[in-house]
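Worksheet for the structure shown next.
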Amino acid sequence: MEIANRKIVEFIRDKWVIPMNNNSQFANENNIDEKTVRRIREDNKYQISLITIMRICEAQNIKLSKFFEMVGL
């Protein structure tokens with residue numbers, strides 16, 4: 001489970017957070033707290049919640065099943 005969580009966090013970080021390079025903007029556009037974005041970016045032990053994943057998927061206009069496919073899970 002820890003490995004799957006890490007893959008999810010790293011995918012979100014590498015695909016959307018780092019390229020945007022603005023934690024505040026990413027948080028606002030994805031309906032999540034800026035603190036959560038900082039954790040995605042910086043915390044190697046962050047345990048992302050399903051609701052956070054769902055909010056990001058909704059904002060990115062991606063079905064949850066497609067997201068997990070993209071992550072490789």
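Nothing in this text is a laboratory measurement; each read-out follows from the coordinates by a stated rule. Predicted, not measured: the structure shown is a model, and the values here were computed from it. Every residue, glycine as well, gets a Cβ built from its backbone with ideal geometry; the counts of neighbours run over all protein chains shown.
Worth a mention:
- Only helices enter the 222 nm calculation for the chain: every DSSP H run of n ≥ 4 contributes -39,500 (n - 2.57), and dividing by all residues gives -17500 deg cm²/dmol, rounded to 500.
- Qualifying GluC sites (Glu not before Pro) in the chain, where qualification requires a DSSP coil assignment and no more than 13 other C-beta atoms within 10 Å, are lacking entirely.
- In the range 1-71, the trypsin sites (Lys or Arg not before Pro) that fall in loop regions by DSSP, at most 14 other Cβ within 10 Å: Lys45, Lys63
- Magnitude of the charge dipole for the chain, about its Cα centre and with charges confined to Cβ atoms of Lys, Arg (+1) and Asp, Glu (-1), is about 80 debye.
- Calculated from the structure at hand, mean projected area of the Cα convex hull in nm² is found among (1) 4.2; (2) 5.3; (3) 5.0 as (1).
- In this simple spin-label approximation, Ile3 and Glu58 carry label points 7 Å from Cα along the Cα→Cβ vector, and these lie 3.2 nm apart.
- 18 Å Cα-Cα reach of Lys7 towards lysines, excluding residues that sit fewer than 8 places from it in its own chain: Lys15, Lys45, Lys63, Lys66
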